[in-house]
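Worksheet: one structure, shown below.
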Amino acid sequence: SVDYHSDYYTMSDFSSWGVPGSLELKPEITAPGGSIYSVNGAHKGDGAHTSHDAYETMSGTSMASPQVAGMAALVAQYIRENGLAAKTGLTVRQLTNSLLMSTAEPVIEEATGLPYSVLNQGAGLANVGSAVTADSYVLVKDNLSGTASDGKVKAELGDDPDRTGKYSFGFTINNLNGEQQEYTFSTELFTQAIRTVKGAEYLDTLTTPIAANVSYEVNGQTFV
């Protein structure tokens, strides 16, 4: 989750980090969860929370989760009202996942100017406005967790015991408005920085860019 009441968005220090042992990409998306003025559910005089009012400022993933649920509900409503499930051949759930993840905005670490780790923020900060005005949606061909079929936009490459340094994944960009679209491909690759403490090296929470040769193959034509 991000801290909502700050000069700029920052990832909350209590946000969980991936990856799990299955090497899936978790978390998948980010929402405001820090310093949220929300319903506490306990009125004065109720049980152990006698000092609490009905509303108070709270922080936690319990604040971010309902934000994502509300966003998903709004996007699902937009999909139903515009008949997009029938138009695309996808379920409302699949299209909701795709639109929210593919239009999320990466949260940038202010000190470095680089994105927070995908292991910390997933696809980025969810944006309903961007999701319901998108002219296209993205589908990933496959991933480790099998959630590509559920519309989850994430490429999970898994382990590389041979350390080949070569990785590939497939995705499609699908038109929503029926008008011709043009796209410019670009790739930014990051890994975790190395931090040295008392002579020992550890993976840092900050990201660092890595150089790579990237090419795209579109309809049999290769672009570099």
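Counting every pair of alpha carbons in segment 154-206, the share spaced more than 12 Å apart comes to 81 percent. Look at the Cα gyration tensor of segment 51-165: its axes a ≥ b ≥ c give a/c of at least 1.5 with a/b at or below b/c, and that counts as oblate. Averaged over its residues, the chain has an accessible area of 62 Å² per residue, based on protein heavy atoms and a 1.4 Å probe. In terms of accessible area, using a 1.4 Å probe and ignoring ligands and nucleic acids, I173, I210 rank largest first as I210, I173. Residue order by solvent-accessible surface for I108, I29, I36 is I108, I29, I36, largest first, with ligands and nucleic acids left out and a 1.4 Å probe. Size check on segment 100-222: the Cα extents along the three principal axes, sorted descending, read 59, 35, 27 Å. With a 1.4 Å probe and every protein chain kept in, tell me what percent of the accessible surface of the chain is carbon plus sulfur. Taking all protein chains in place, the chain shows 50 percent carbon and sulfur surface. Once the chymotrypsin sites (Phe, Trp or Tyr not before Pro) in DSSP loops with at most 15 neighbouring Cβ atoms within 10 Å are cut out of the chain, the longest remaining piece is 18-166.
Peptide packing for 90-100, 153-163 was compared via the average number of neighbouring C-beta atoms within 10 Å per residue; ordered from the highest value, the list is 90-100, 153-163.
Taking 29 Å as the limit for the C-alpha separation, the pairs K26/K166; K141/K166; K166/K198 exceed it in the case of K166/K198.
Length available on full extension from I194 to N82: 0.36 nm per residue minus the Cα-Cα distance, which gives 35.5 nm.
The values are calculated or read from the model by the stated rules, or taken from the named source; none is laboratory data. In this text the structure is predicted, and so the values were computed from the model without any measurement. Here the Cβ is made from the backbone with ideal geometry for all residues, glycine too, and neighbour counts use every protein chain on show. The area values use the complete protein model at the heavy-atom level, side chains included, leaving out ligands, DNA and RNA. Shrake-Rupley method; radii C 1.70, N 1.55, O 1.52, S 1.80 Å.
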